[in-house]
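Visitor: Please see the structure below; I have some questions.
Coordinate-derived values only; no laboratory data. It should be emphasised that the depicted structure is a prediction, and the values quoted were computed from it without experimental measurement. No Cβ is skipped: glycine too gets one built from the backbone with ideal geometry, and neighbour counts run over all protein chains shown.
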Amino acid sequence: MIENVKEKNIQTKKRNNKILIGSLIFLSFLFGWALGHLDTQKQAKDYLPGIEISNNKHPDFSLFWSVWDQITQNYDGTLDYNKLIYGAIDGMVKSIGDPYTMFLTPDQSKKFNEDLEGSISGIGAEVGMKDDRAVIIAPIDNSPAQKAGLKPQDIILKIDDLDTKGIDINTAVTKIRGEVGTNVKLVVQRGDKTLDFTITRAQIDIKSVTWEVKDNNIGYIEISRFDSKTPELIKEAATDLANKNVKAIILDLRNNPGGYLDAAVDVSSQFVKDGVVVTEKRTVGDEKKKEYKASGNGVLTDTNIPMVVLVNEGSASASEIVAGALQDHKRAILIGEKTFGKGSVQAVESLGQGSTLHVTVAHWYTPNGKNIGKEGLVPDTTVKLTDEDFTNGKDPQLQSAIDYLKAKIK
């Protein structure tokens, strides 16, 4: 869902980067096939052993392999052994109860990479999970989803004829995506309303950063996601706007579901001269803490240039890191609506044969210690964007930011 990089660098990026994505494909994880089988011995033909855990670190996989042997030896039909393994992995990770810890099969990893490369075939909406239902985190700008009228926090009740109650995120994403030119029907709940949408899938090509000058002297930067190109593009945007002598800045992070941690730190560094951007805390075992600080190389760090960050319920993860850093450092005020509240970070490892493992390894806190995942971010000024505003092409949140900045630079 995010990145545009050279093919030879993709696996390295996935291994080394920590990813902050409010929504993608959530699956599962299991120990290696061969290693597990070495720990197993059937003592008798009809013996069905239990699973014994020693110090919670050395499970006995006898029960698993007993079932495996029974199926592979006795099932009267054709078996796909990869599906058996992936299904077992799916069940294990789901049992953790963390929708952001996920195992991706080779096909799913390929789709994930397409997202990271900035080009997907679908309706152009980020999908997450809340209350055992798929939910729209954010429609992508100018996508079929946005043009059809989907909104952040729309709860997906049905995808075509499939009821989404209890399904996993991978199933939801797979059902929504499809070939260019085909249709998908969605039934969504928005507040107390039930709405029907028929959306034609398209190729979605994404540029993560766009910018312009508004009202003669206000620089406007919109970031749709934090991908590998974002640091380069945000520097280009900041330099261009500085050369145009803008007097104020609007950073629009609405409907931005997240991306790479490094990109979030680089974006923050363009506006914050020094200090902590975000703190990583890991509580398993001895609590560990790591601080990520501004680089000191920003172009628009002058506090005499007032700044507003626009946020809403579709602003998640890396967006919340940037918004929280700028708010806590008093570099900018937040205008809009409370953010999504996704404060965990996933490390990505390649497992070979094209599969990958995403594991929640830590949680994020703003410079002032706010737990992003538990609290989200509350704007300094709350301004709602209603369905009527959307239909009429009005943007009271953006207008509020412009009015605030105009008063500041008079």
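Visitor: Quick one: putting +1 on the C-beta of Lys and Arg, -1 on the C-beta of Asp and Glu, what dipole do you get for segment 207-408 around its Cα centre, in Debye to the nearest 20?
Guide: Result for segment 207-408 is approximately 400 debye, rounded to the nearest 20.
Visitor: I've got another one for you. If each residue of separation counts as 0.36 nm, what is the full-extension length gain between residue 290 and residue 330 once their alpha-carbon separation is subtracted?
Guide: 12.2 nm
Visitor: A further question follows. Ranking 358, 363 by Cβ neighbours within 10 Å, fewest first, what do you get?
Guide: 363, 358
Visitor: Moving on. Taking neighbour Cβ counts within 10 Å as the exposure measure, how do 201, 282, 254 sort from fewest upward? Kindly include the intermediate steps, with their values, before the conclusion.
Guide: Working: 201 21, 282 15, 254 25.
Starting with the residue having the fewest Cβ neighbours, the order is 282, 201, 254.
Visitor: Roughly how many Å is it from the Cα centre of segment 131-186 to that of segment 329-365, as a whole number?
Guide: 21 Å
Visitor: Given H placed 1.01 Å from N in the peptide plane, which residues other than close sequence neighbours of residue 277 have an amide H under 5 Å from its amide H?
Guide: 292, 293, 294
Visitor: Set the bar at 18 Å for Cα to Cα. Now go through 130/342; 110/175; 147/229; 147/394; 130/207 and name every pair that lies beyond it.
Guide: 147/229; 130/207
Visitor: Among rounded, prolate and oblate, which fits segment 361-410 when a ≥ b ≥ c are the square roots of the eigenvalues of its C-alpha gyration tensor, a/c under 1.5 means rounded, and a/b larger than b/c means prolate?
Guide: On the way: a/c = 3.87, a/b = 1.61, b/c = 2.40.
Oblate.
Visitor: How would 308, 265, 278 line up from fewest to most surrounding beta-carbon atoms within 10 angstrom? The partial results should precede the final answer.
Guide: On the way: 308 30, 265 22, 278 27.
In order of increasing Cβ crowding within 10 Å: 265, 278, 308.
Visitor: So if R0 is 56 Å, what FRET efficiency would residue 386 and residue 79 give, r being the distance between their Cβ atoms, rounded to the nearest 0.05?
Guide: 0.55
Visitor: On a straight-distance basis, which aspartates and glutamates could pair with residue 94 in a cross-link, Cα separation under 16 angstrom, same-chain partners fewer than 8 positions away excluded?
Guide: Within reach: 131, 132, 168.
Visitor: Next question. How do 368-374, 160-166, 132-138, 172-178 rank on mean C-beta neighbours within 10 Å, highest first?
Guide: 132-138, 172-178, 368-374, 160-166
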